[in-house]
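Report on the structure given below.
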Amino acid sequence: MNDDKYFLPTIRDEIDRLHSLHFLLHHIWKSNFSSAMEEKLQWGGAKVLDVGCGPGTWVLEMASNYPLASFTGVDISAIFPAEIKPQNTNFIHADILDGFSYPDNYFDFIYLRHLAVALTDEQWKNTVMEELVRILKPGGIIEIMESDVYWSNEGPISQKFKSTYIEDLRSRGINLFVIDKIPEFLQHNRHLVDFHQDTRQCSIGKWAGRVGELTADNTVQLFRILKYRYAPMLGCSNDEYEKLLTELLNEIDKLQPYANSYRFWATKTII
Ligand SMILES: C[S@@+](CC[C@H](N)C(=O)[O-])C[C@H]1O[C@@H](n2cnc3c(N)ncnc32)[C@H](O)[C@@H]1O
């Protein structure tokens, strides 16, 4: 379903990368969400939707932390667990741009993480936000998580990969810097109130310990997965591309970059 619609191949390496990124972000934030959902999730009966859930790592962890709530993950790639999963989870293979068959005011909590790579500005603003707010209950919360594209202390090799990445997505109409507009999408929606945001700094590279090292490896893994497209775009052979990835890790160790991870959330108005 997804091959021409989403830019990343859904191969084993990408699934592993998303699992690992989930645990890195959880470690950095010390939580799976920031909005005031704790009590509702504990009381029971809360319905939660993870939009573009990938392999479902967030859903699976949340479902075991909150056994009385029910969790649904939706993704255009069926890379989530099909059969072996907790009873309070459900995964749906669907394109979020087709809309949902849920009635209005259905979910208590809607969560999206790292969908900047998947949607055009237009799709964010006019399709996805509108539809998600429709199926969110009054008093329910929508929380969106994204990370910086560019790092602080970024070196030339890293910039070379990033500009290829940005260009690749731009050719599909996707603006990776949509992160700057997400507060606006939430604040300007007439059904949403009580906007908040929070930030954590992530250090990248061995200099920052094991988490920093794994974060750097995650980036290298992303660019390795994209080698089949980016090596030709950069005019190098596969071997030269691999060498560039090794140089990227060396550059990271030397320059000690860091970047921010963001959470934005708002509540659907009761009136
Ligand atoms: C970068 S991954 C993030 C996955 C997950 N949210 C996480 O944080 O681990 C983006 C996900 O969005 C999914 N996706 C992209 N376009 C989509 C669409 N139109 N409808 C549903 N899922 C989509 C991709 O298949 C991919 O799993």
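Looking at the stretch 72-169, which GluC sites (Glu not before Pro) are DSSP coil and have at most 15 other C-beta atoms within 10 Å of their C-beta?
On the way: sites: 83, 122, 130, 131, 143, 146, 154, 167; in loops: 83, 154.
Loop-located and lightly packed - 83.
Enumerate the residues in the stretch 188-225 having an amide nitrogen under 13 Å from the point lying 7 Å beyond the Cα of residue 104 toward its Cβ.
From the stretch 188-225, the list is 191.
Run down the lysines and flag those whose C-alpha is under 18 Å from the C-alpha of residue 40, throwing out any fewer than 8 positions away in its chain.
137, 268
What is the percent carbon and sulfur in the accessible area of the chain, measuring with a 1.4 Å probe over the protein chains and ignoring ligands?
With neighbouring chains kept in place, the figure for the chain is 51 percent.
Just in the stretch 1-106: which trypsin sites (Lys or Arg not before Pro) are loop by DSSP and have at most 10 other Cβ atoms within 10 Å?
Values: sites: 5, 12, 17, 30, 40, 47; in loops: 5, 30.
For trypsin sites (Lys or Arg not before Pro) across the stretch 1-106 that sit outside H, G, I, E and B with at most 10 neighbouring Cβ atoms in 10 Å, the list reads 30.
Which of 11, 141, 225 ends up with the largest GNM mean-square fluctuation for the chain, with Cα atoms connected below 10 Å?
11
If eta is 0.890 mPa s and T is 25 °C, what Stokes-Einstein diffusion coefficient results for the chain, Kirkwood Rh from Cα pairs, in µm²/s? Intermediate results must be reported in sequence, preceding the final value.
Details: Rh = 19.4 Å.
The diffusion coefficient I find is 126 µm²/s.
Over what distance in Å are the Cα centres of the stretch 6-72 and the stretch 143-204 separated?
That distance is 19 Å.
Express the accessible area of the chain per residue in Å², computed with a 1.4 Å probe while the remaining protein chains stay in the model.
Values: 12570 Å² over 271 residues.
Counting only protein heavy atoms, the per-residue value for the chain is 46 Å².
At 7 Å along Cα-to-Cβ for each site, give me the label-to-label distance between residue 247 and residue 211 in nm.
Output for this residue pair reads 3.2 nm.
Using θ = phi - 60° and the Karplus relation 6.51 cos²θ - 1.76 cosθ + 1.60, list the HN-Hα couplings for the stretch 138-152 in order, rounded to whole Hz, with x at every Gly or Pro.
x, x, x, 10, 10, 10, 10, 10, 9, 10, 4, 7, 8, 9, 7
Dividing the alpha-carbon radius of gyration of the stretch 1-151 by 2.2 N^0.38 Å (N being the number of residues), what value is obtained? Provide the component values of the computation, followed by the final result.
Values: Rg = 14.8 Å, N = 151, 2.2 N^0.38 = 14.8 Å.
After normalising by residue count via 2.2 N^0.38 Å, the value is 1.00.
Take the Cα of residue 121, step 7 Å along the line toward its Cβ, and report every residue of the stretch 158-178 whose backbone nitrogen sits under 17 Å from that point.
166-178
State the answer as a single residue: which of 138, 249, 21 lies farthest towards the positive end of the charge dipole of the chain, with beta carbon charges of +1 for Lys and Arg and -1 for Asp and Glu, about the Cα centre.
138
The values are calculated or read from the model by the stated rules, or taken from the named source; none is laboratory data. From a predicted model like this one, the values you see are computed outputs, not experimental measurements. Neighbour counts are summed over all protein chains in view; Cβ atoms, including those assigned to glycine, are modelled from backbone coordinates with ideal geometry. Heads up: the accessible areas ignore ligands, DNA and RNA and are worked out on the full protein's heavy atoms, side chains in. Shrake-Rupley method; radii C 1.70, N 1.55, O 1.52, S 1.80 Å.
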